Amino acid sequence: MNDKQMVNKGNGSLEKVAPVVPGKHFIPAIDIYETDDELVLLADLPGVEDQGLQLEVARGVLTLAAEAAVEGAGEAAYYRQFRLSDRIDTDAGEATLKDGVLTLRLPKRAIALRNRKRSR
């Protein structure tokens, strides 16, 4: 990707995307599991504080970006993206960051829950 590429944010507006510099971003270890009611994402983000964390959902894609000051190593940047099912209610998500572990809970949409109950 170069700095002349643009991204459509889903609302009709375009904005410039900052170039990704190879070797400058870490891919955090992430566990994802699904329960009857929600999708849960657990991400290891050592050194990341609340103000260094960015979560965004645009056009069905969850983007996780974070920056941290790592003792002895300077700054670290983390980056991951995931395509989400349309059964997930991205507006009602809840995120907590504690001791370098992000817990993101994304509930399923009510219609997905109703359909699941009918099929039983």
*Test for Leu55: is it assigned to a strand (DSSP E or B), modelled with pLDDT of 85 or more, of a type outside the set (Lys, Arg) and in contact with a Pro (Cβ under 8 Å, 6 or more places away or on another chain)*: no
_Of everything in the stretch 35-50, what is of a type in the set (Asp, Glu) and surrounded by 13 or more Cβ atoms within 10 Å (Cβ to Cβ)? Give them in sequence order._
Glu38, Asp44, Glu49
*Odd one out for Pro107, checked against (1) within 18 Å of Phe26 (Cβ to Cβ); (2) touching a residue at least 60 places away in the same chain (Cβ under 8 Å)*: (1)
*Among the residues of the stretch 38-46, is there at least one that is within 23 Å of Pro107 (Cα to Cα), touching a Phe, Trp or Tyr at 6+ places or on another chain (Cβ under 7 Å) and in contact (Cβ under 8 Å) with a residue 40 or more places away in the chain?*
yes
*Please state which one of Asp99, Asp89 is among the acidic types (Asp, Glu) and surrounded by 12 or more Cβ atoms within 10 Å (Cβ to Cβ).*
Asp89
*Counting just the residues of the stretch 70-120 that are small (Gly, Ala, Ser), closer than 20 Å to Gly47 by Cα and not in a strand (DSSP E or B), which one comes out modelled with the lowest pLDDT?*
Ala73
*Can you name the residue in the stretch 51-86 that is basic (Lys, Arg) and surrounded by fewer than 17 Cβ atoms within 10 Å (Cβ to Cβ) and is also nearest to Ile30 (Cα to Cα) among such residues?*
Arg83
*Are there any pairs with C-beta distances below 6 angstrom linking a residue in the stretch 85-97 that is of a type in the set (Ser, Thr, Tyr) to a residue that is assigned to a strand (DSSP E or B), with the two at least 6 apart or on different chains, and if so which?*
Thr90/Val57; Thr96/Thr103
*If you scan the stretch 57-71, which residues turn out to be more than 17 Å from Ala95 (Cα to Cα) and of a type in the set (D, E, K, R)?*
Arg59, Glu71
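The values are calculated or read from the model by the stated rules, or taken from the named source; none is laboratory data. All values reported here derive from a predicted model rather than from experimental measurement. Quick reminder, even Gly has a Cβ in these numbers, built from the backbone with ideal geometry, and neighbours come from all protein chains shown.
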